[in-house]
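First, the structure itself, so that you have it in front of you.
The values are calculated or read from the model by the stated rules, or taken from the named source; none is laboratory data. It should be emphasised that the depicted structure is a prediction, and the values quoted were computed from it without experimental measurement. Cβ coordinates were reconstructed from backbone atoms using ideal geometry, including for glycine residues, and neighbour counts include every protein chain displayed.
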Amino acid sequence: MSKSHPRQWTIETSVERADRELVAELSRCPTTQIADSGGPVGVVAPPIRRLAGGPEVCGTAVTVWTKPGDILFVLKAPDLVREGDVLVIDGGGREDAAVIGDIVASALASLGCRGVIVDGAVRDIDGIDAVGLPVFGRNAHPATGSNEGPGSINVPIQCGGVLVQPGDVVRADASGVIVIPRTRAADVLVATQAVDAREREWRAAVAAGATLPAATGIDDRITTVTRAVGVPLP
């Protein structure tokens, strides 16, 4: 839990965002397929999960670092959010001081924000549900901490152990949260589409009567591996 940042008190107003068409295509991909793609993606660690609002998120990151539990720069962040963005807040993982509630969620939703990811606590769950903005975080807690700073906006942060740069693509659904570097979004999309094609083949083979091990090639894989290590098959 860091109480400082090398660029604290910084507000960067210029963000190079990911291509909108790439973001739209990635929004159609489940996080599981993106995680399985082998691409240069970051998988946000538990327990960050959906807490309120809509079920899924995909957009470009506007980042906030804040002293754990402090809301000063979170309240400033809507000034930097554009339609299609996702606000990603590095709250240091603090669970006993919420850094976002329904008032901020409502303001963000009115700007076309796609959702919020918080490495920290959230409050006003019922109010956020009414707003409908997807909010993912560690937990709910009714109290805030302070509004004194320091904080920063649009600087590199971490969320669940993953580096998030302003403009990166953030995808979240019921299975978790994925961060895709802006400069590698096209590569990740191609790799993820290959995963989707492979899974479609597996489902079609099973529907046609194949066993799951045969459809997925697991039988062949086990044979190859056991031969390599010298273990006889039954």
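For (1) under 19 Å from residue 181 (Cα atoms); (2) in contact with a Phe, Trp or Tyr (Cβ under 8 Å, 6 or more places away or on another chain), each residue gets a yes or a no:
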{"site": "32", "(1), (2)": "yes, no"}
{"site": "39", "(1), (2)": "yes, no"}
{"site": "43", "(1), (2)": "yes, no"}
{"site": "53", "(1), (2)": "no, no"}
{"site": "66", "(1), (2)": "no, yes"}
{"site": "90", "(1), (2)": "yes, yes"}
{"site": "119", "(1), (2)": "yes, no"}
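Could you tell me which numbered condition residue 90 fails, if it satisfies all but one of (1) in contact (Cβ under 8 Å) with a residue 60 or more places away in the chain; (2) among the acidic types (Asp, Glu); (3) in contact with a Lys or Arg (Cβ under 8 Å, 6 or more places away or on another chain)?
(3)
Of the conditions (1) out of contact with any Pro (no Cβ under 8 Å at 6 or more places or on another chain); (2) more than 19 Å from residue 134 (Cβ to Cβ), residue 70 clears all except one; give me its number.
Of everything listed in (1) out of contact with any Pro (no Cβ under 8 Å at 6 or more places or on another chain); (2) more than 19 Å from residue 134 (Cβ to Cβ), residue 70 misses just condition (1).
Then there is this: Taking only pairs six or more apart or across chains, which ones have beta-carbon atoms under 8 Å, a first residue in segment 103-114 that is assigned by TED's automatic domain parsing to the domain that holds residue 61 and touching a residue at least 12 places away in the same chain (Cβ under 8 Å), and a second residue that is acidic (Asp, Glu) and surrounded by fewer than 17 Cβ atoms within 10 Å (Cβ to Cβ)?
111/83; 112/83; 113/83
Still on this model: Just checking, how many residues over segment 167-190 are crowded, with 19+ Cβ neighbours inside 10 Å, in a helix (DSSP H, G or I) and of a type in the set (A, V, I, L, M, F, W, C)?
3
Could you please find all residues in segment 140-166 being within 22 Å of residue 84 (Cα to Cα), touching a Phe, Trp or Tyr at 6+ places or on another chain (Cβ under 7 Å) and part of a loop (DSSP other than H, G, I, E, B)?
The answer is 155, and nothing else.
Any chance segment 136-143 includes a residue that's more than 13 Å from the chain's Cα centre (by Cα) and surrounded by 22 or more Cβ atoms within 10 Å (Cβ to Cβ)? Don't jump to the end; show me each part of the working.
Narrowing segment 136-143 to residues more than 13 Å from the chain's Cα centre (by Cα): 139-143.
Remaining after also requiring surrounded by 22 or more Cβ atoms within 10 Å (Cβ to Cβ): none.
No, that holds for no residue.
Provide a single number: the residues in segment 71-94 that are more than 16 Å from residue 158 (Cα to Cα) and outside any helix (DSSP H, G or I).
Selection size over segment 71-94: 6.
So, one more: Test each condition in (1) outside the structural domain of residue 68 (by TED's automatic domain parsing); (2) surrounded by 14 or more Cβ atoms within 10 Å (Cβ to Cβ); (3) at pLDDT 95 or above for residue 13 and report the one that comes out false.
(2)
Please verify whether segment 160-172 includes one or more residues that are closer than 15 Å to residue 56 by Cα and either free of Cβ contacts under 8 Å to residues at least 12 places away in the same chain or of a type in the set (Lys, Arg) (or both).
The answer is yes; a qualifying residue exists.
Here are 109, 140, 130: which of them is more than 23 Å from residue 47 (Cβ to Cβ), in contact with a Leu (Cβ under 9 Å, 6 or more places away or on another chain) and of a type outside the set (S, T, N, Q)?
Numbers: 140 fails: more than 23 Å from residue 47 (Cβ to Cβ); 130 fails: in contact with a Leu (Cβ under 9 Å, 6 or more places away or on another chain).
Going through 109, 140, 130 in turn, the sole match is 109.
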